[in-house]
Amino acid sequence: MKEALMQIKEKGVAEIRSAQSLKDLEAIKVKYLGKKGELTQILKGMGKLTAEERPVIGLVANEVRALLEETIAKEVSILEEKAMLEKLEQEKIDVSMPGKMPRKGGLHPLTKVLHELEDIFIGMGFSIAEGPEVEYDYYNFEALNLPKDHPARDTQDTFYISDNIVLRTQTSPMQIRTMEKQRPPIRVIAPGKVFRSDSVDATHSPVFHQIEGLVVDKGITMGDLKGTLELVVKKLYGEDAKIRFRPHHFPFTEPSAEVDVSCFVCKGEGCRVCKGEGWIEILGAGMVHPQVLRNCNIDPEVYSGFAFGIGLERLVMRSYDIDDLRLFFENDVRFLKQF
Ligand code: DAH
């Protein structure tokens, strides 16, 4: 019996050492130490031994079992470490491989140009104000010299929330809101959404954006208006950009003008972008009407001011040669990615 144990010991240890995998080791463990394993079988036969033999063989059998278990455990940890190293090798990251660029969003072209304009105005000492898109009729029309029956209201039909609350048709109500809150000197721009009851086509949208400008102080003249706009246009389009004033009518300015900039593509010679005119209309402007100042408790005998309203979409369309206004609002990334 002792010999059989010695054989099991030698054979077992040799098999364990040459095992190639954890699976092999498991099989070996079952083969020798399992319920029907070789060692177990021998131990079961111990009952037939004499009382003297039993402890001696028992001791050897336990030693063999301990040795096999220990050898298996050692081999398991060797194989496990090997497997881990192999895995690490396989999963190694090649840091020299080109990376995958995360997809990045960008600013909408309207936002981009608005930011450019805001920077220019801030540089000139203007502050930025924001006002409500749902506005009282009083601020949107009445206080701007557009009483209920004024024909100029026809061109700015809007969406009525109630008789005296509308979606603002222009950013000009911010002139009134600013002058009600602030005493001169005032230098402010107010960008934002405006709404008109227009159906959608290539040049119309029921929602678009304006940037209102307002300056009120002692001794403000049309010269200040011209100088300010000239500087803005030069910053936006380059040193050789020029502006031109054409007489116009707005109820809240007197005198009023529409302002053109020399075409930034052909420099005034006439091309597709300016439709052969050499000039592109970019805004409405004028000297703040004395009645508008009075409506805000500012004495027109002491103070004067100028105001202007820039149509942001039109400016951006002309700047980038975009011929359809709808592109701004459709959120097609193929369009938006170009800016
Ligand atoms: N609010 C005018 C419009 O929507 C644009 C405008 C004209 C604004 C003259 C002004 C201004 O401040 O002085 O048609």
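The values are calculated or read from the model by the stated rules, or taken from the named source; none is laboratory data. A quick note: this is a predicted structure, and the numbers were derived from the prediction, not measured. Using ideal geometry, Cβ is built from the backbone for each residue, glycine included, and neighbour counts are taken over all protein chains shown. For the accessible areas, the whole protein counts, side chains as well, though only heavy atoms, and no ligand, DNA or RNA atoms are used. Shrake-Rupley method; radii C 1.70, N 1.55, O 1.52, S 1.80 Å.
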Worksheet entry | Distance between the range 167-181 and the range 1-70 - C-alpha centres, whole angstrom | 97 Å
Discussion item. With no other cysteine's Cβ closer than 4.7 Å, which Cys residues of the chain count as lacking a disulfide-compatible partner?
Written reply: Cys296
Worksheet item: What's the Kirkwood radius of the range 118-266 in Å, using all Cα pairs?
Response: 16.8 Å
Discussion item. Below 8 Å, C-alpha to C-alpha, sequence gap of six or more: please give me the relative contact order for the chain in percent.
Written reply: 14 percent
Worksheet entry | Within the accessible area of the chain (1.4 Å probe), percent carbon and sulfur | 53 percent
Practice prompt. Using only the Cα atoms of the range 189-328, construct the convex hull and provide its projected area averaged over every direction, in square nanometres to one decimal.
Written response: 9.0 nm²
Fill in: Cα-projected label distance for Ser77 with Lys226, points at 7 Å along beta-carbon direction, nm
9.4 nm
Worksheet item: In Å², what does the accessible area per residue of the chain work out to with a 1.4 Å probe?
Response: 58 Å²
Worksheet item: How much FRET efficiency would the formula 1/(1 + (r/R0)^6) give for Val207 and Asp299, where r is the Cβ-Cβ distance and R0 is 35 Å, rounded to 0.05?
Response: 0.40
Worksheet, complete the sentence: PRE zone check, label point 7 Å out along Cα-to-Cβ of Lys100, amide N under 17 Å, scope the range 321-339, hits none
Item to complete: Could you give me the percent of Cα pairs per 5 Å distance bin for the range 1-96, shortest bin first, beginning at zero and ending with the bin that holds the maximum distance?
Response: 2, 12, 21, 18, 13, 9, 7, 5, 4, 3, 2, 1, 1, 0, 0
Worksheet entry | Among beta bridges that DSSP assigns inside the chain, antiparallel share in %, nearest 5 | 95 percent
Practice prompt. Apply the Debye scattering formula to the range 184-266, with a single equal point scatterer on each alpha-carbon and no solvent, then give log10 I(q)/I(0) at q = 0.20 Å⁻¹.
Written response: -1.20
Fill in: J(HN,Hα) series, the range 286-292, from Karplus relation 6.51 cos²θ - 1.76 cosθ + 1.60, nearest Hz, glycine and proline x
x, 8, 3, 4, x, 5, 5
Worksheet item: How long are the three semi-axes of the equivalent ellipsoid of the chain, in whole Å, if each is the root of 5 times an eigenvalue of the C-alpha gyration tensor, listed from largest down?
Response: 93, 24, 19
Fill in: Amide hydrogen neighbours beyond the local backbone of Ile165, cut-off 5 Å, H modeled
Asp137
Response to the item:
With the 8 Å Cα cutoff and a minimum separation of six or more residues, the range 209-271 has a relative contact order in percent of 21 percent
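Can you pull out the trypsin sites (Lys or Arg not before Pro) in the range 1-77 that DSSP calls coil and that have at most 10 other Cβ atoms within 10 Å? Write down the numbers at each step before the final one.
Numbers: sites: Lys2, Lys9, Lys11, Arg17, Lys23, Lys29, Lys31, Lys35, Lys36, Lys44, Lys48, Arg65, Lys74; in loops: Lys35, Lys36.
Counting only loop positions with at most 10 other Cβ atoms within 10 Å, the trypsin sites (Lys or Arg not before Pro) in the range 1-77 are Lys35, Lys36.
Among the listed pairs Lys148/Lys181; Lys104/Lys235; Lys235/Lys337; Lys11/Lys74; Lys2/Lys44, which are separated by more than 22 Å between their Cα atoms?
Lys148/Lys181; Lys104/Lys235; Lys235/Lys337
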Worksheet entry | Calculated log₁₀ intensity ratio I(q)/I(0) where the Debye formula runs over C-alpha points of the range 38-151, q = 0.12, 0.15 Å⁻¹ | -0.84, -0.97
Fill in: Size of electric dipole in the range 178-218: Cβ of Lys, Arg +1 and of Asp, Glu -1, about Cα centre, debye, nearest 20
280 debye
